[in-house]
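Trainee: Sharing a structure below in structure tokens format, with a few things to ask.
The values are calculated or read from the model by the stated rules, or taken from the named source; none is laboratory data. A quick note: this is a predicted structure, and the numbers were derived from the prediction, not measured. Cβ atoms come from the backbone with ideal geometry, glycine included; neighbour counts cover every protein chain shown.
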Amino acid sequence: METLSLYVDRDSPVHRVDPISKLLYILAATAIPIILPSLLTAAVVLAISVALLLLGRIFRRVIPLISVIVFVLLTILIIQGLFRAGNVTPLFQLGSLIFYREGLLYAVRISLRVINIMLAFAILILTTKPSDLFETLVRKGLSPRIGYVLSSVLQIIPQMQNTVGTITDAQRSRGMETEGSLAVRLRAFIPLIGPVVMSSLTQTRERSIALEVRGFSAKGKKSFLNEEIQEPYHRFIRWGLLLSIILALVWRVAA
Amino acid sequence: MNSSIVVEDLYFAYNKGEEVLKGISLVFDERSTAIIGQNGAGKTTFAKLLKGLLKPDSGSISIKGIDTRNTTAAGLSRHIGLIFQNPNDQIFKSNVLDEVMFGPLNIMKEEKRARDLALGALEKVGLENELEQNPYDLTLSQRKLIAIASVLAMDTEIVIFDEPTIAQDHRGKEMIKGIIRELVGMGKLVLTIMHDMDFVAETFERTIVFSQGQVALDGSTREVFTREQLLKEAGLERPHVTRLGAKLGCSHTFLTAEEFVSFAKKCDHRGR
Amino acid sequence: MKKIIVDNLKYRYPSAQELALKGISLEIEKGQFIGVIGPNGAGKSTLCQALVGLVPHFYHGAYGGSVVVDGLEVLKSEISALALKVGLVFQNPFTQVTGAKLTVYDEVAFGLENMGLDRAEMIERIDRALTLLDIYRYKDRNPFDLSGGQMQRLAIASIIAMKPQIIVLDEPTSQLDPQGSEEVFKAVDKLKSEGMTLVMVEHKIEKIAEYADKVALLSGGELVDFDRPIRVFSRPDLERYGVAAPVYTRICRDLKIKDEKTGLYPITLEGAVAAVGSLE
């Protein structure tokens with residue numbers, strides 16, 4: 001693993017949209033079903049998200065990612081359907097178990113909201129290069145220091161794995177057992193913690209010196225090597241999303 | 001003393017299809033041995049395989065008759081010690097003596113003996129007065145010596161040094177040379193992986209050249225450094241004094257400055 | 001023209017009892033290649049840090065005397081301002097990779113983005129730096145996939161793209177194999193021919209003898225000598241300061257063979273060959 005990222009390198013209309021629009025989509029996909037809490041709204045948003053995932057040719061990648069949550073939601077569905085306080089209207093029966101309408105509806109509503117949020121995040125994470133995301137945020141005003149920390153963490157953590165490997169080798173060479181019972185393996189942690197921490201600190205310090213001598217602390221506006229890709233339709237999408245949230249609010253208040 | 005390592009037709013790859021070691025067969029005897037070669041030639045991987053940290057894909061390694069596939073790295077560590085390059089990768093105790101006792105305790109489990117061995121090792125590296133210090137309060141050079149002492153204290157018959165002279169100054173190198181000579185004098189088998197050709201020529205009896213995962217040259221250090229062309233193909237330069245002798249048209253392969261000087265003086269006596 | 005003026009520089013690290021530098025004074029001219037030698041702990045790295053402003057601005061501690069680099073006084077300037085005048089490359093190739101960029105090309109851009117340069121200027125400088133260090137063909141590779149020697153050349157490229165006229169290198173080949181070392185020395189030699197001023201700390205004494213115009217010998221925080229290599233390496237008391245002279249010099253000294261032209265012992269292979277003549 002070279003970088004800690006779920007980005008799927010492809011070219012699709014969704015990939016070509018800018019990160020800010022996708023962030024706004026997450027906002028819209030989360031807020032609108034809350035503002036207009038009907039099942040229809042949630043289902044519509046879900047359909048749109050699925051359509052976007054298909055358009056981005058990443059739908060199949062999402063399935064393993066949300067499978068755990070789906071499993072949890074199914075559990076909630078069953079429990080609420082069977083045992084929720086206020087269950088009065090039976091909907092169907094499985095053997096001796098009676099599933100009630102109220103509980104099921106409640107669970108479905110929650111499930112749809114959770115899945116909507118997850119799918120919206122998936123759209124962002126699977127179709128946006130992390131470096132593009134952070135660069136866009138820095139362009140919009142995020143502190144370059146934070147931008148750097150976010151970008152570098154994704155690469156440096158996998159690199160640290162090499163260091164941990166070397167440290168483990170060094171201690172094994174001195175007779176520390178790492179294979180065997182759980183107790184043995186737990187005890188093996190102690191000689192690793194010190195060196196791993198020290199080595200991270202040392203590397204971080206050396207790296208921050210390297211950054212300093214490359215002008216990291218320079219005051220004054222930073223520039224960007226990459227050209228900012230500003231398609232006119234990006235603005236259209238962003239305003240469209242914001243507008244849809246406002247419309248939802250208006251609808252709610254008016255109704 | 002039978003401290004032999006037998007390597008038979010060893011193959012190893014980290015990732016399938018990218019073989020790092022391609023059919024290495026070697027027998028180590030009592031001679032101090034240096035393994036040289038470019039980065040990527042497989043030297044460090046080989047050292048890890050000897051140490052049992054990695055297992056062969058095919059072929060075998062026997063340390064004193066024990067096949068490395070049948071035991072853990074920790075199990076092998078009572079016979080074969082490996083001193084890693086970066087002392088910060090292993091030091092974790094808050095005082096020097098405890099740090100150096102960690103190894104022997106792991107393999108001996110008897111405190112008094114471990115303490116004696118640790119004290120002896122610390123004396124060899126000249127740190128006998130720093131027992132209670134926190135290793136991180138000492139200099140990097142001193143910590144390198146602690147790392148060496150930690151392995152010496154395990155009193156293994158075989159000791160492997162991985163790049164011991166990196167970032168060492170002249171005094172540091174002389175001290176390490178002295179330690180290696182002392183270990184050889186004690187009958188131990190000393191191996192090293194190194195880039196410093198001058199140091200290799202001055203200190204090691206046998207030299208093995210690794211190139212692209214195979215053994216390109218193997219013989220006495222003098223024999224190996226005579227093979228200028230093969231060394232160049234392996235991406236290696238010869239020791240400075242060797243090059244001087246060659247440039248002067250001498251057929252003899254010089255390994256140390258002292259050799260060259262006495263040879264030259266004899267030439268003078270014969271009347272130039 | 002004096003590029004670097006160090007005047008009675010004294011420095012103590014915050015947690016230390018003793019001074020790391022005890023009053024160093026030296027002057028370096030434009031285009032010179034200065035080798036810095038001495039035992040570990042002599043203050044060589046500290047001197048490097050003082051030339052780029054890490055001492056005192058990063059490490060703090062107690063500071064005395066002055067260092068003026070290309071007209072800027074270090075004590076009164078920020079590290080980022082000094083970075084435009086003098087660059088620093090150090091031992092570990094791995095920690096000089098920022099980690100925030102996915103390609104070699106972008107990696108070199110990092111410092112230039114910090115400087116706020118415009119795109120056209122950045123591209124020109126990056127192309128030039130990568131070509132000079134002979135790593136242009138790796139421009140799309142991930143920096144972490146490079147070899148040690150290549151990574152060090154990337155570090156040098158990242159620094160020279162910022163166009164300092166002085167580069168300080170603190171044991172840059174220490175962690176490299178012979179081939180990587182050779183690559184770095186060749187690169188540094190090229191920089192010298194481009195007119196850069198270079199200060200390099202090295203233990204590979206034969207290399208310093210080959211490349212340096214002047215050698216600064218440090219020991220115990222003091223500047224013991226600052227002279228042409230052939231003079232410094234001829235000192236009979238060199239070993240007392242924890243440094244061994246080049247092999248060629250030691251051999252010629254033992255054989256009492258001097259270089260005819262200079263009257264001193266030779267310090268390079270060529271010099272020794274010429275002086276010794278033939279051996280039969």
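Trainee: How many residues does the range A:220-255 hold that are facing another protein chain (nearest Cβ under 8 Å) and surrounded by fewer than 13 Cβ atoms within 10 Å (Cβ to Cβ)?
Mentor: 3
Trainee: Check A:GLN161, A:GLN155 and return the single one that is of a type in the set (S, T, N, Q), within 14 Å of chain B (Cβ to nearest Cβ) and either in contact with a His (Cβ under 6 Å, 6 or more places away or on another chain) or assigned to a helix (DSSP H, G or I) (or both).
Mentor: Details: A:GLN155 fails: within 14 Å of chain B (Cβ to nearest Cβ).
That would be A:GLN161, the only listed residue that is of a type in the set (S, T, N, Q), within 14 Å of chain B (Cβ to nearest Cβ) and either in contact with a His (Cβ under 6 Å, 6 or more places away or on another chain) or assigned to a helix (DSSP H, G or I) (or both).
Trainee: Looking only at strands (runs of 3 or more DSSP E) that lie completely in the range B:1-78, which have at least 1 residues being farther than 26 Å from B:ARG181 by Cβ and aromatic (Phe, Trp, Tyr)?
Mentor: Values: elements: B:5-15, B:18-28, B:33-36, B:58-63.
Result: B:5-15.
Trainee: Among the residues of the range A:200-215, are any farther than 22 Å from C:GLN96 by Cβ and either free of Cβ contacts under 8 Å to residues at least 60 places away in the same chain or within 11 Å of chain B (Cβ to nearest Cβ) (or both)? Walk me through it before giving the result.
Mentor: Going residue by residue through the range A:200-215, those that are farther than 22 Å from C:GLN96 by Cβ are none.
No, that holds for no residue.
Trainee: Identify, by number, the condition in (1) assigned to a helix (DSSP H, G or I); (2) surrounded by 18 or more Cβ atoms within 10 Å (Cβ to Cβ) that B:GLY235 doesn't meet.
Mentor: Of everything listed in (1) assigned to a helix (DSSP H, G or I); (2) surrounded by 18 or more Cβ atoms within 10 Å (Cβ to Cβ), B:GLY235 misses just condition (1).
Trainee: Of the residues that make up the range B:202-222, is at least one under 14 Å from the mean Cα position of the chain (by Cα) and free of Cβ contacts under 8 Å to residues at least 60 places away in the same chain?
Mentor: yes
Trainee: Take B:VAL96 and tell me if it is more than 11 Å from chain A (Cβ to nearest Cβ) and within 20 Å of the chain's Cα centre (by Cα).
Mentor: Working: more than 11 Å from chain A (Cβ to nearest Cβ): yes; within 20 Å of the chain's Cα centre (by Cα): no.
Here the answer is no, as B:VAL96 does not meet what is asked.
Trainee: Among the residues of the range C:144-157, is there at least one that is assigned by TED's automatic domain parsing to the domain that holds C:LYS44, touching a Gly at 6+ places or on another chain (Cβ under 9 Å) and within 20 Å of C:ASP213 (Cβ to Cβ)?
Mentor: yes
Trainee: So in the range B:147-188, with the set limited to residues that are over 14 Å from B:ASN86 (Cβ atoms) and part of a strand (DSSP E or B), which one is nearest to the other protein chains (Cβ to nearest Cβ)?
Mentor: Among them, the one singled out is B:ILE160.
Trainee: Can I ask one more? Determine whether the range B:7-23 contains at least one residue that is of a type in the set (Lys, Arg), in contact with a His (Cβ under 6 Å, 6 or more places away or on another chain) and over 30 Å from B:PRO239 (Cα atoms). Before you say what the answer is, go through the steps one by one.
Mentor: Residues of the range B:7-23 of a type in the set (Lys, Arg): B:16, B:22.
Subset that is in contact with a His (Cβ under 6 Å, 6 or more places away or on another chain): none.
Within the range B:7-23, not a single residue is of a type in the set (Lys, Arg), in contact with a His (Cβ under 6 Å, 6 or more places away or on another chain) and over 30 Å from B:PRO239 (Cα atoms).
Trainee: Moving to a separate point now. Of these, C:ALA209, C:ALA245, C:ALA155, which one is touching a strand residue (DSSP E or B) at 6+ places or on another chain (Cβ under 6 Å) and either crowded, with 19+ Cβ neighbours inside 10 Å or part of a loop (DSSP other than H, G, I, E, B) (or both)? Outline the logic, then answer.
Mentor: Working: C:ALA209 fails: touching a strand residue (DSSP E or B) at 6+ places or on another chain (Cβ under 6 Å); C:ALA245 fails: touching a strand residue (DSSP E or B) at 6+ places or on another chain (Cβ under 6 Å).
Criteria check complete, one pass: C:ALA155.
Trainee: If you don't mind, another one. Scan the range B:138-146 and tell me whether some residue there is part of a loop (DSSP other than H, G, I, E, B), of a type in the set (Gly, Ala, Ser) and surrounded by fewer than 19 Cβ atoms within 10 Å (Cβ to Cβ). Steps first, answer last, please.
Mentor: To start, the set of residues in the range B:138-146 that are part of a loop (DSSP other than H, G, I, E, B) comprises B:138-139.
Going one step further and asking which of them are of a type in the set (Gly, Ala, Ser), we end up with none.
No, the range B:138-146 has no match at all.
Trainee: Report, by residue number, each residue of the range C:107-139 that is touching a Lys or Arg at 6+ places or on another chain (Cβ under 7 Å) and either facing chain A (nearest Cβ under 7 Å) or free of Cβ contacts under 8 Å to residues at least 24 places away in the same chain (or both).
Mentor: Across the range C:107-139, the qualifying residues are C:PHE110, C:GLY111, C:GLU113, C:ASN114, C:GLY116.
Trainee: Here's something else I'd like to know. If I ask for residues that are surrounded by fewer than 18 Cβ atoms within 10 Å (Cβ to Cβ) and over 26 Å from A:GLN155 (Cα atoms), which ones from the range A:1-29 would you list?
Mentor: The answer is A:PRO13, A:LEU27.
Trainee: C:ARG250 fails exactly one of the following numbered conditions: (1) touching a residue at least 60 places away in the same chain (Cβ under 8 Å); (2) within 10 Å of chain B (Cβ to nearest Cβ); (3) basic (Lys, Arg). What is the number of that condition?
Mentor: (1)
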